[in-house]
Structures are given as structure tokens and as C-alpha cells.
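For reference, the structure discussed in these notes is given below.
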């Protein structure tokens, strides 16, 4: 049975976007492809408020996280660990022979500029890796403020950002915030199928890549740029997905970028208010609540697995707590093309199932 997804990825995909993937196939060196690629890049630049390079990678976001590490970390990076997914930065760096310094906070807490400042002041760090929106906890780190601190006091340090579960769901002003690498997969707030990653690369990050040795092959920024200037990719891209992204970007711009972000904020507030009424919010400080996914503490000790089984019968799915939070919390995603009426329907179903 088809289920509407209220999980933090993959998310619900509208028919128009799915149908765009059924396009007749074209050659990836044909002008038809180059025209489509160029259109997508220009639309992404509008949404991300940037003139930086934009690459389209046929990979998961994790692949391009590895690319960011290999292109930009010369020797040692500062990692900001605030949950299950932000841990990945350090795992990738270590696997690639890079040294790491780690800021670790309890799950549910955010990384602050002061924490970053304290570590960078010790010296020897050339990059900072940040997860903007920690999907496992529903916490959004103060990226704008962290980046401002880094660029003011440590201008040679690059800022590398995992924006996987928030890009296209909240404001990211790449240029104004001085972000060097920002990446996200299309299966979350973009409301697209998985398999494609969008990444922005600053002049400073590109210059770092030009002088980097042993940075691998598939995610080499210089190789990507060599084809990007022709609106192409070095290896065969996911042509159907990129056509779907082109269609989806038209839909996003037609809605209006600011209106889209406002809709996400409105949906987040609705779910947060509902969670406060019936359960509790997992985030330690509510000023860091995510605009795209809410992590709800299971104060009633319900079986989240059983709740999902009942929701499945009604055509919906939410997320259990991630990892150590399984059954201790559950998550409702409010991102992409989910609308307020969808969330009202979902919460009414939960109330009915649980007799709240």
C-alpha cells in the first residue's frame, strides 16, 4: 500500500516530478543535456543566494561529504558532533587519513560559536565541518553565527557544511554567510527521489582543491569544474533525476523561495505545538528547533513501531527515534512538498490511534 512519507528522507514526491523522470533519454554530451544542466544551476543559485560554483553529483550526500574532506582538508579539521549524522564527518575524515579535533555535545544540544572559537584558537586546524540540521535530534545549529566567527577570526579556515536535511527547506545565504562548501541530497527538503547531490564550492575551497594531493578521482573539484564550465559532468550523470530537479526547481521558484521557507516554518510550529501538547520536544534548547524535522520525546511510552503499523493501514509513515533513541522518541518530518493540511491529517490520525 502506498504511504505518504512523513519521514526525514526520502520524502513525498509529487506526480509532476516523478513524471519528469520518464523523459526520453538524451546523451550527456548533447547540447540538450547541457542546456538542462545550465538551467538547473542558475535556478539553484537563486535559491541559495550564491554566485559560487555549483556541481551536480550522481551520488549520495555522504559521497560529496567525502569529496569535501578530500578536496579541502589539508591536515586537520574541526568536527562538530551533536548527533548520529554529524558524527559522519569525523568518520569520513579519519578514513581518509586526516587528523581531527572534535567538539562533542550531548544529543539534543547545539554547537555554538563559542565552542568553535575555543578549539580554533588552539591553532593547527584548516577546516571546520558542520552539520547544519542534525536529523537524528531535530536540532539546527547556528550556522550563520558560527561561519561569521570563523571568517572574522580565522579567515584561512574553510567552512564545510552538511545541509542535507535543510537545503530547500530554510534560508541558506551561501555568499553572505561566507560558506565554502555546502552540500545536500535531493531526497529530503527538495522533495525529489534519492541519488543526486547538490554542492556549492567557493573560490577559496576551489583554490584549496587545486593544490591538494591525493584527493581521489570521482569527487575532484577541479575535474568537476572542467566539465561544469560546459554545463556537463566528468562522468555520466543521472540525467532523469536532473530533469526532475529542473522541474522541481521551477515549482520551488514559482512558490517563491521566501514563501517556501515561511511554509516550512509554519509547519514546524504546528508540529512543535502539537508535540508540546501531547508529548515533549527532544531538543535541549528550543531556540535551536529544526524547521524541517521535529524529534518528539516519547513521554507516554507508546510503541512507536505499533503506531507506525497502524498509520501504514491509513496510508502514512513517520520515523522512529534514530539509533539509541529508538522507541525513546519519534520524528515527524515537515519538509519538501508536505503541506499544512497533510500534517493536520497526520496528527488527527495519531490522536485517534492513541486515543489522545
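So is residue 253 under 30 Å from residue 127 (Cβ atoms) and in a helix (DSSP H, G or I) or not? Considered against the rule, which asks whether it is under 30 Å from residue 127 (Cβ atoms) and in a helix (DSSP H, G or I), residue 253 comes out as no. Of the residues making up segment 256-308, those that are farther than 17 Å from residue 140 by Cα and part of a loop (DSSP other than H, G, I, E, B) are 256, 279, 280, 298, 299, 300, 301, 302, 303. When residue 207 is tested against the conditions (1) farther than 19 Å from residue 257 by Cβ; (2) without any contact (Cβ under 8 Å) to a residue 60 or more places away in the chain; (3) within 11 Å of the chain's Cα centre (by Cα), the lone failure is (3).
Taken together, the residues in segment 192-220 that are under 15 Å from residue 61 (Cα atoms) and surrounded by 21 or more Cβ atoms within 10 Å (Cβ to Cβ) amount to 8. Counting the residues of segment 82-106 that are in contact with a helix residue (DSSP H, G or I) (Cβ under 7 Å, 6 or more places away or on another chain) and either closer than 17 Å to residue 145 by Cα or assigned to a loop (DSSP other than H, G, I, E, B) (or both) gives 4. When you go through (1) touching a residue at least 60 places away in the same chain (Cβ under 8 Å); (2) closer than 17 Å to residue 250 by Cβ; (3) under 18 Å from the mean Cα position of the chain (by Cα) one by one for residue 17, which number turns out not to apply? The single condition residue 17 does not satisfy is (3). The lone criterion from (1) over 25 Å from the mean Cα position of the chain (by Cα); (2) in a loop (DSSP other than H, G, I, E, B); (3) crowded, with 19+ Cβ neighbours inside 10 Å left unmet by residue 311 is number (2). Taking the criterion of being under 19 Å from the mean Cα position of the chain (by Cα), surrounded by fewer than 19 Cβ atoms within 10 Å (Cβ to Cβ) and in contact (Cβ under 8 Å) with a residue 40 or more places away in the chain, the only residue of segment 77-108 that qualifies is 84.
Matching residues to (1) at pLDDT 95 or above; (2) in a loop (DSSP other than H, G, I, E, B); (3) in contact with a helix residue (DSSP H, G or I) (Cβ under 8 Å, 6 or more places away or on another chain); (4) over 30 Å from residue 340 (Cα atoms):
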site	(1), (2), (3), (4)
2	no, yes, no, no
10	yes, yes, no, no
25	yes, yes, yes, yes
33	yes, no, yes, yes
40	yes, no, yes, no
46	yes, no, yes, no
51	yes, yes, yes, yes
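The values are calculated or read from the model by the stated rules, or taken from the named source; none is laboratory data. Just so we're clear, the structure is a prediction, and the values are computed from it rather than from any experiment. Positions of Cβ are generated from backbone atoms using ideal geometry, with glycine treated the same way; all protein chains shown enter the neighbour counts.
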